[in-house]
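Chemist: Okay, here's the structure, questions in a sec.
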Amino acid sequence: MSDVKTLHEQVKSGDLTGVRTTLNNYPGLLNAKNDAGQCALLVSQYYGRHEVAEYLMTLDPALDIFTAAA
């Protein structure tokens, strides 16, 4: 499983501890996109994982128009 896929699975399941650990070890994944062009923040919004989204926002992610609108 790729690192991006692992992070996004953690986001989808609301695993905030896993998200924190993954991003502490691999900070470059914050803005990495999956095959559908979605970053972790956008995935968190789609899955209603607001606690994860709030954490991701503290890391100052790059926001494109789609992510900002979510």
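The values are calculated or read from the model by the stated rules, or taken from the named source; none is laboratory data. In this text the structure is predicted, and so the values were computed from the model without any measurement. Cβ: placed from backbone, ideal geometry, glycine included. Neighbour counts: every protein chain shown. Accessible surface areas use protein heavy atoms only, side chains included; no ligands, DNA or RNA. Shrake-Rupley method; radii C 1.70, N 1.55, O 1.52, S 1.80 Å.
Chemist: Considering only region 15-25, state which residues are under 12 Å from the mean Cα position of the chain (by Cα) and either in a loop (DSSP other than H, G, I, E, B) or of a type in the set (Ser, Thr, Tyr) (or both).
Modeler: ASP15, THR22
Chemist: Turning to a different aspect of this structure: Are any residues in region 24-70 in contact with a Phe, Trp or Tyr (Cβ under 9 Å, 6 or more places away or on another chain), open to solvent by less than 40 Å² (accessible area, probe 1.4 Å) and among the polar types (S, T, N, Q), and if so, which ones?
Modeler: Within region 24-70, just SER44 meets the criteria.
Chemist: Residues of region 37-55 being in contact with a Leu (Cβ under 9 Å, 6 or more places away or on another chain) and over 13 Å from THR6 (Cβ atoms), which ones?
Modeler: Of everything in region 37-55, those that are in contact with a Leu (Cβ under 9 Å, 6 or more places away or on another chain) and over 13 Å from THR6 (Cβ atoms) turn out to be CYS39, LEU41, SER44, ARG49, GLU51, VAL52, ALA53, TYR55.
Chemist: Could you give every pair whose Cβ atoms fall below 6 Å, whose first residue belongs to region 11-26 and is under 15 Å from PRO61 (Cα atoms), and whose second residue is exposed (fewer than 15 other Cβ atoms within 10 Å of the Cβ), counting only separations of at least 6 or pairs across chains?
Modeler: The qualifying pairs are TYR26/ASP3.
Chemist: Sticking with this one: So for region 8-25 (the condition being modelled with pLDDT under 95 and of a type in the set (Asp, Glu)), does at least one residue qualify?
Modeler: Checked against the condition, which is being modelled with pLDDT under 95 and of a type in the set (Asp, Glu), region 8-25 yields no hits at all.
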